[in-house]
Every structure is written in structure tokens, then in C-alpha cells.
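The values are calculated or read from the model by the stated rules, or taken from the named source; none is laboratory data. Keep in mind it's a predicted model, so treat the numbers as computed, not measured. Cβ atoms come from the backbone with ideal geometry, glycine included; neighbour counts cover every protein chain shown. Note: accessible area is taken over every heavy atom of the protein model, side chains too, but ligands, DNA and RNA are not part of it. Shrake-Rupley method; radii C 1.70, N 1.55, O 1.52, S 1.80 Å.
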Amino acid sequence: MHRISLNVDGTTYEDEVEPRLLLIHYLRDRLGLTGTPIGCDTGNCGACTVDLDGQSVKSCSVLAVQADGSEVTTVEGLAAEGRWHPLQRAFHEQHGLQCGYCTPGMLMAARDLLSRNPDPTADEVRHGLEGNLCRCTGYQNIVRAVLAAAAAEKRQTPSGEEASV
């Protein structure tokens, strides 16, 4: 067993874990954060994408011991004080989901993309979401949602309220 300490969605956790425990299983089984789904368990689909120290990673390909000392943000950590993150709102408004299984991973990958490129083109969004598979929507509404979230972020005032256009 290995002792780990990590900050998940703003809360610090200290635990004893087996060296082979995957981060996805730690998040879901130990912490009860089930918003991040287990998709393929091979790193191919991206449904389990989380933010690890500022970069999106597929949590089925990271051991919990590798995350020791890190900051992890899951899809549950996106909403602040009961308010949806702009990406969550845009996915809802632009119908960027159908069955919803890939949505947490898409949201986290899109968040990573927008943190590096706050004003992407549609092609840059498609490239930024590579490795996150959706079997339902055909991606067009997902791309629209990410572009809408980027536009909404540009309209934000310093107080965090959306400016009227």
C-alpha cells in the first residue's frame, strides 16, 4: 500500500491505495465522484477525462499513486456555487450531448483547450477534442457548444457576470 495525498475539486484527500489502483477507480469507488464515467478502460474513448495539474488526462491511464501531490478537477468540480460552468451551459443550450456518456470527458477536454486557446476556430476545437469519442451526436453540436462557451467567456465582465450584448 502507498500513502497518497491529492486535492480533488477543492478538497484534500489522504489515503492508502494499492499501487495498481487507477485514478478513475479512486475517484469513483473511494471518493464517490461518479460523474466521470468508465468508458473503455483503455484510454481510447476519453469519457474519463479529468484535469490533472492543469492538463486534461484520461484517468483510466493514470495510477492514483501518480497523482500523489496533485490537483484534480472532475466534471463535478466545474460548477461553482451552484452555477454551471460556461461550458456546461453551452453544451445544454447548443444540444452538445445526446446520451451524455461522453459529455464529462468532452467538457474536461474542452476546458483544457479553452485554457490554452480561448478563441479557437472550429477546426481547432475538433483537433483539441481528438481522442474523445462520441457515438451519438456527430460532433457538430459539440463544436458549436465549445465555440459558444468561448464567446460567452469573452463577454464576461470582471465581476463574473455575463455582459449584455
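Checked against the criteria, Gly100 counts as under 14 Å from Gly46 (Cα atoms), open to solvent by less than 70 Å² (accessible area, probe 1.4 Å) and free of Cβ contacts under 8 Å to residues at least 24 places away in the same chain.
So which of Gly128, Gly82, Gly138, Gly105 ends up being free of Cβ contacts under 8 Å to residues at least 40 places away in the same chain, under 14 Å from Gly46 (Cα atoms) and not basic (Lys, Arg)?
Numbers: Gly82 fails: under 14 Å from Gly46 (Cα atoms); Gly138 fails: under 14 Å from Gly46 (Cα atoms); Gly105 fails: free of Cβ contacts under 8 Å to residues at least 40 places away in the same chain.
Unique residue meeting the criteria: Gly128.
Would you check which residues across the range 62-97 are open to solvent by 80 Å² or more (accessible area, probe 1.4 Å) and closer than 19 Å to Asn7 by Cα and list them? Passing the criteria: Gln66, Glu71, Glu81.
Do the conditions hold for Thr34, that is, is it within 14 Å of the chain's Cα centre (by Cα) and open to solvent by less than 20 Å² (accessible area, probe 1.4 Å)?
Details: within 14 Å of the chain's Cα centre (by Cα): yes; open to solvent by less than 20 Å² (accessible area, probe 1.4 Å): no.
Spelling it out, it is not the case that Thr34 is within 14 Å of the chain's Cα centre (by Cα) and open to solvent by less than 20 Å² (accessible area, probe 1.4 Å).
Residues in the range 3-53 that are of a type in the set (S, T, N, Q), in contact with a Cys (Cβ under 9 Å, 6 or more places away or on another chain) and without any contact (Cβ under 8 Å) to a residue 24 or more places away in the chain: Thr42 alone.
Considering each of Ser115, Ser164 in turn, give the residue that is farther than 22 Å from Thr34 by Cβ, of a type in the set (Gly, Ala, Ser), open to solvent by 30 Å² or more (accessible area, probe 1.4 Å) and at pLDDT below 95. Full working, then the answer.
Working: Ser115 fails: at pLDDT below 95.
Answer to the selection: Ser164.
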